[in-house]
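The values are calculated or read from the model by the stated rules, or taken from the named source; none is laboratory data. If you're wondering where the values come from, they're calculated on a predicted model, not measured in any experiment. No Cβ is skipped: glycine too gets one built from the backbone with ideal geometry, and neighbour counts run over all protein chains shown. Please note that ligands, DNA and RNA were not included when accessible areas were found on the heavy atoms of the full protein model with its side chains. Shrake-Rupley method; radii C 1.70, N 1.55, O 1.52, S 1.80 Å.
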Amino acid sequence: MENQNQQMENAAFGWDAPISEDGNAEFLLLPKGEYPFTVTVMDREWYEGGEKMPACWKAVLSIAIDGGELGTAFVKENLFLVRKTEWKIGQLFVSIGQKQKGQEGFVPNWDALAGSQGRLKLTQRTYKNKDGEDVVTNDIKAFLEPAEVATPVAPVIAQQQVAPATFQQQPVAVPQQAPAVMQQAFDPARGF
């Protein structure tokens with residue numbers, strides 16, 4: 001049901017489609033903490049520059065944050081493509097599993113961001129709106145590394161894939177107690 005609601009919320013519509021929303025939707029403010037997230041949209045925009053940031057490209061992310069029973073909150077995150085904010089871009093790509101921690105020379109696959117999932121640390125930020133009122137909103141403090149996956153207790157047997165053109169028959173190891181006929185290696189000329 002939640003997935004269906006999310007699909008409806010992210011559904012596109014045409015220029016001539018009727019609209020019902022009037023901007024009075026309830027805004028969900030999640031408490032500070034760690035949450036799973038999904039990048040729902042990634043747009044590329046040019047930033048003209050300002051007091052704190054030079055003119056540069058920026059990735060504008062729409063992020064759905066899963067608050068569990070509290071609901072889903074939505075946050076916009078701007079990632080400015082400048083060296084002083086490279087750390088946050090690196091955090092994001094580590095969090096979604098595209099980059100390994102400490103990996104040098106990594107080139108992000110920006111086109112694969114939409115639909116990516118990870119975990120983040122959420123905080124709250126207070127700012128003054130255009131009417132001078134204090135407004136509290138969610139703010140992403142950090143993108144978190146993926147949790148370590150526990151090693152399974154039972155060993156996992158990996159299958160080796162061999163291309164048909166390079167296949168060569170190898171003798172099969174057979175336990176010592178096997179009948180003599182089972183101890184022979186496969187001979188393609190004899191068919192067994």
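Descriptive notes on the structure:
- Single condition residue 157 does not satisfy, out of (1) β-branched (Val, Ile, Thr); (2) modelled with pLDDT of 90 or more; (3) open to solvent by 100 Å² or more (accessible area, probe 1.4 Å): (2)
- Screening 84, 101, 58, 76 for residues that are in a loop (DSSP other than H, G, I, E, B), among the charged types (D, E, K, R) and more than 12 Å from residue 143 (Cα to Cα) leaves exactly one candidate, 101.
- For segment 87-98, the set of residues classified as over 18 Å from residue 123 (Cβ atoms) and either open to solvent by less than 40 Å² (accessible area, probe 1.4 Å) or not in a loop (DSSP other than H, G, I, E, B) (or both) consists of 89, 90, 93, 94, 96, listed by residue number.
- Candidates 41, 60, filtered to the one that is closer than 22 Å to residue 135 by Cβ and among the aliphatic types (A, V, I, L, M): 60
- Test: residue in segment 132-148 that is among the β-branched types (Val, Ile, Thr), under 24 Å from residue 44 (Cα atoms) and modelled with pLDDT of 95 or more: yes
- Among the candidates 59, 114, the residue that is under 13 Å from the mean Cα position of the chain (by Cα) and either at pLDDT below 95 or surrounded by 11 or more Cβ atoms within 10 Å (Cβ to Cβ) (or both) is uniquely 114.
- Any hit, segment 120-132, residues being closer than 21 Å to residue 62 by Cβ, open to solvent by 50 Å² or more (accessible area, probe 1.4 Å), in a loop (DSSP other than H, G, I, E, B) and not aliphatic (A, V, I, L, M): no
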